[in-house]
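Worksheet for the structure shown next.
What follows draws every value from the coordinates through simple rules; no lab data is involved. Remember, predicted model here, so these are calculated numbers, not experimental data. When we count neighbours, we look across all protein chains shown, and the Cβ atoms used for this are built from the backbone with ideal geometry, even at glycine.
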Amino acid sequence: MMDELTLLQRIVVWILPVIFAITVHEVAHGWVAKKYGDNTASMLGRLTLNPIKHIDVLGTLIIPGLLLLSFSGFIFGWAKPVPVDPRNFKNPRRDMAIVALAGPVSNLLMAVGWALIARVGVTIGMQAEAVSLPLIYTGVAGISINLVLALINLLPIPPLDGSRILTGILPSYWAWQYNRLERFGFVILLVLLYTKVLGLILAYPMFVAQQAFFSIAGL
């Protein structure tokens with residue numbers, strides 16, 4: 001439904017959902033880490049919703065901007081990772097897995113919030129299109145970006161959140177061997193994106209998830 005929007009309208013529709021999606025994702029990691037005994041993010045001033053504190057020039061601005069300009073219909077990005085020191089945890093592997101899971105969970109909760117915003121727009125309907133359409137479009141964008149971030153981050157590719165969760169499950173030796181892949185993780189992700197394999201992997205779970213959240217939105 002975004003195809004009918006101009007570039008300026010797309011920017012207006014996507015900017016808040018993208019900023020909130022990547023900012024809250026990182027804050028969730030830091031907040032849960034603090035609950036488990038690691039105050040690193042808090043001490044460095046990263047437990048804030050101020051997006052300036054979390055901006056990564058490449059992941060927050062350039063990549064989402066290029067994807068938006070390409071009219072590909074697929075947008076994702078990332079913020080500066082919130083620092084977490086597992087040495088402060090009582091059970092480092094388990095607690096780190098829980099901290100990692102907090103990011104995708106926050107995105108799913110935000111997707112619910114954006115679905116409810118879109119539903120308000122649907123409820124208003126034709127009576128006030130100047131209000132209802134921005135709510136619907138922004139809600140759809142919010143659902144989409146948060147589902148993409150949740151699903152991508154759940155992939156078991158180091159250093160994505162999914163790899164931290166898997167590390168907490170694997171035996172110690174295999175977890176150590178597995179995490180040696182981290183230096184190649186970003187390259188692996190770019191190759192999957194460039195070859196469109198990433199799209200194939202995410203297509204079905206994204207479709208199912210979108211249907212569920214669009215149902216909440218009344219779309």
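Odds and ends about this structure:
- Computed E for residue 197/residue 61 - FRET, C-beta separation, R0 22 angstrom, nearest 0.05: 0.30
- Rounded tilt (10° steps) of 185-194 against the dominant C-alpha axis of the chain: 30 degrees
- Helix-only CD estimate at 222 nm, as mean residue ellipticity for the chain, using -39500 (n - 2.57) per DSSP H run (n ≥ 4): -22000 deg cm²/dmol
- Relative packing of peptides 105-118, 206-219, 45-58 - highest average C-beta neighbours within 10 Å first: 105-118, 206-219, 45-58
- Placing R0 at 45 angstrom, the Cβ-Cβ distance between residue 174 and residue 11 gives a FRET efficiency of 0.50 after rounding to 0.05.
- The structure-derived value of percent of Cα pairs over 26 Å apart appears in the list (1) 32; (2) 48; (3) 38 under the label (3).
- Label-to-label distance, nm, for residues given as residue 80 and residue 43 (7 Å Cα→Cβ offset): 1.7 nm
- Annotated for the chain: lysine pairs at least 8 residues apart or interchain, Cα distance under 30 Å, count 10.
- Folded to 0 to 90 degrees: helix 129-153 orientation relative to the chain principal axis, Cα: 20 degrees
- Cα gyration tensor, the range 152-219 - rounded (a/c under 1.5), prolate or oblate: oblate
- Residues of the range 167-185 with amide N under 15 Å of a point placed 7 Å along Cα→Cβ from residue 91: 167-172
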